[in-house]
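**Q** To start, I am sharing the structure in question, which I have written as structure tokens.
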Amino acid sequence: MDKKNYKQKVFRERVVNNAATMRLAALSLIYGIWLQLNPSILTRYSIYELLESILNPNLISYTHVISAIGLLIGVLFGKREVKNFFSIAITVLWTTMGISSFISPPPNAIWIFCGFISILCYEAIWVD
Amino acid sequence: MGRLAMFGLTGEQIVLVVSAILSMFSAIAVARIRQRPESEKSKVDKFSFFYDQYKILYEEAISRVETLQLENQELSAEIKKLEEQIDKLEEIIKVKNEKELYSSLKEKEINKLQEDLLYWKQEALTGYVLLGIEPEEERK
């Protein structure tokens with residue numbers, strides 16, 4: 001096996017072995033971009049009020065996008081520390097969003113989806 | 001939850017901040033627990049890569065050595081034949097030198113004899129003159 005084939009083999013294995021992390025990165029990236037394209041979402045729905053009272057509304061979308069890109073870089077270039085850092089960041093983001101939607105009025109089901117995404121985040125850290 | 005006015009935050013905000021901190025620590029804990037000995041795995045991968053490369057180079061070297069040994073044997077045989085030819089040529093040169101030596105000796109003898117012949121001819125002519133006899137060659 002020559003050096004080029006070896007590098008390609010390593011790259012493919014990295015992508016396959018980090019499938020859960022790649023899915024998580026895609027989810028966060030799409031969510032962050034969607035919030036950027038539709039900033040009225042953050043002001044229109046009351047479940048975001050609690051988050052907005054602590055954080056700048058734009059920061060929510062930016063952190064999602066930056067964390068997703070950082071995660072992709074960490075996986076594709078094999079930088080384990082970078083991947084771990086941004087995995088933890090995304091986990092915190094989604095867990096916080098889940099808790100926020102749970103305790104924010106009116107009662108809603110968003111916390112269920114955010115909760116499952118948090119579980120996916122922990123699973124990605126554990127499995128990959 | 002009412003306004004607890006703790007650090008200027010409401011109860012919900014405190015819960016949110018605390019949950020964020022707890023989720024961060026729990027994610028770090030999960031990452032630490034699950035930390036794989038990647039260095040060992042990558043060492044194994046690197047070893048297999050370098051072992052494969054070494055194997056290929058080793059086999060190439062073995063076949064190259066065999067080829068060179070065959071070529072060396074052929075060259076040794078050719079050198080031996082050429083040395084035999086050189087020995088023969090040296091013998092021929094030796095014979096030629098001997099013959100040249102003989103030839104030069106013979107030539108010297110011929111020259112000496114020719115000188116003697118000339119001397120005696122001169123003496124004979126002088127004798128003829130003293131005796132007043134015409135040499136036979138001039139009579140003819």
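**Q** Obtain the radius of gyration and the Kirkwood radius of the protein assembly as shown from its C-alpha atoms and give Rg over Rh. Walk me through the numbers before you get to the answer.
**A** On the way: Rg = 53.5 Å, Rh = 27.8 Å.
That ratio equals 1.93.
**Q** Report the percentage of all Cα-Cα pairs in chain B whose separation exceeds 18 Å, rounded to a whole percent.
**A** Working: 8192 of 9730 pairs.
Taking all Cα-Cα pairs of chain B, the fraction more than 18 Å apart is 84 percent.
**Q** Please identify, among B:83, B:74, B:12, the residue showing maximal mean-square fluctuation in a Gaussian network model of chain B using a 10 angstrom Cα cutoff.
**A** B:12
**Q** A follow-up question, please. Of B:22, B:68, B:82, which is the most mobile in a GNM of chain B whose springs link Cα atoms less than 10 angstrom apart?
**A** In the Gaussian network model the winner is B:22.
**Q** Hey, another quick one. Please give the peptides B:114-126, A:53-65 ranked by average Cβ packing (other Cβ atoms within 10 Å per residue), highest first, as a rough proxy for protection. Walk me through the intermediate numbers first.
**A** Working: B:114-126: 10.4, A:53-65: 16.2.
The packing order, highest mean first, is A:53-65, B:114-126.
**Q** Same structure, new question: Where does chain A land on Rg/Rh, using Cα atoms and the Kirkwood Rh? Walk me through the numbers before you get to the answer.
**A** Working: Rg = 16.5 Å, Rh = 15.5 Å.
Rounded to two decimals, Rg over Rh is 1.07.
**Q** Hey, another quick one. With the crude spin-label approximation of a point 7 Å out along Cα→Cβ, what separation in nm comes out for residue A:17 versus residue B:97?
**A** Once both label points are built, they end up 8.0 nm from each other.
**Q** Need the list of lysines near residue A:4 for cross-linking: C-alpha distance under 26 angstrom, and skip anything on the same chain fewer than eight residues off.
**A** A:79, A:83, B:41, B:43, B:46, B:55
**Q** Right, next: Starting from the coordinates of the alpha-carbon atoms of segment A:65-115, obtain the Kirkwood hydrodynamic radius over all distinct pairs and give the value in Å to one decimal. Show your work: numbers first, answer last.
**A** Numbers: mean 1/r = 0.0845 Å⁻¹.
One over the average 1/r among Cα pairs gives 11.8 Å for segment A:65-115.
**Q** Please compute the Kirkwood hydrodynamic radius over segment B:72-115, one decimal place, Å, based on all pairs of different Cα atoms. All intermediate terms of the calculation are to be shown ahead of the outcome.
**A** Values: mean 1/r = 0.0767 Å⁻¹.
The answer is 13.0 Å.
**Q** On to the next question. Stokes-Einstein at 37 °C, 0.692 mPa s, Kirkwood radius from Cα pairs: D for segment B:40-117 in µm² s⁻¹? Present the calculation step by step, with values, prior to reporting the outcome.
**A** On the way: Rh = 19.0 Å.
Roughly 172 µm²/s, to the nearest whole number.
**Q** Charges at C-beta only: +1 for Lys and Arg, -1 for Asp and Glu. How large is the resulting dipole of the protein assembly as shown about its Cα centre, in Debye rounded to 20? Spell out each step's value before the answer.
**A** Numbers: 32 positive and 34 negative charges, 583 e Å.
Computed about the Cα centre, the dipole is about 2800 debye.
**Q** Let me ask something else. Given a 1.4 Å probe and the protein chains all in place, what does the accessible area of residue B:89 round to, in Å² to the nearest 10?
**A** Using a 1.4 Å probe on the heavy atoms, I get roughly 100 Å².
**Q** Which percent of Cα-Cα pairs in segment B:96-135 sits in each 5 Å bin, short to long?
**A** With a bin width of 5 Å, the distribution comes to 6, 22, 14, 14, 11, 9, 9, 6, 5, 3, 1.
**Q** Right, something else. At q = 0.15, 0.22, 0.23 Å⁻¹, what is the log10 ratio I(q)/I(0) for segment A:1-68, with the Debye formula run over Cα points and no solvent?
**A** -0.60, -0.89, -0.93
**Q** Average partner chain C-beta neighbours within 10 Å, per residue of B:9-16?
**A** Details: counts 2, 3, 1, 9, 6, 0, 5, 11.
Neighbouring Cβ atoms belonging to other protein chains average 5 per residue here.
**Q** Angle check, please: helix B:11-33 long axis (alpha carbons) against the longest principal axis of chain B (alpha carbons), in degrees 0 to 90, nearest 10.
**A** The two axes meet at around 40 degrees.
**Q** Let me ask something else. Please sort by residue number the GluC sites (Glu not before Pro) in segment A:1-109 whose DSSP state is loop and whose Cβ has at most 10 other Cβ atoms within 10 Å.
**A** Values: sites: A:13, A:49, A:52, A:81; in loops: none.
Answer in residue order: no site qualifies.
**Q** Residues in segment A:1-41, backbone N under 17 Å from the label point at residue B:62 (7 Å along the Cα-to-beta-carbon vector): list them, ranges by number please.
**A** Only A:1 pass the distance filter.
**Q** Could you give P(r) for segment B:41-83, binned at 10 Å from zero, as whole percent values over all Cα-Cα pairs?
**A** All Cα pairs, binned at 10 Å, distribute as 26, 25, 20, 15, 10, 5, 0 percent.
**Q** Counting each DSSP H run of 4 or more residues in chain A as -39500 (n - 2.57), what helix-only mean residue ellipticity at 222 nm follows after dividing by all residues, to the nearest 500 deg cm²/dmol?
**A** Numbers: 7 runs with 107 residues, N = 128.
The helix contribution divided over chain A gives -27500 deg cm²/dmol.
The values are calculated or read from the model by the stated rules, or taken from the named source; none is laboratory data. Everything numeric in this text was worked out from a predicted model, so none of it was measured. All Cβ positions, glycine included, derive from the backbone under ideal geometry; neighbour counts span all protein chains shown. Each accessible area value is taken on the protein alone, full model and side chains, heavy atoms only, with ligands, DNA and RNA left out. Shrake-Rupley method; radii C 1.70, N 1.55, O 1.52, S 1.80 Å.
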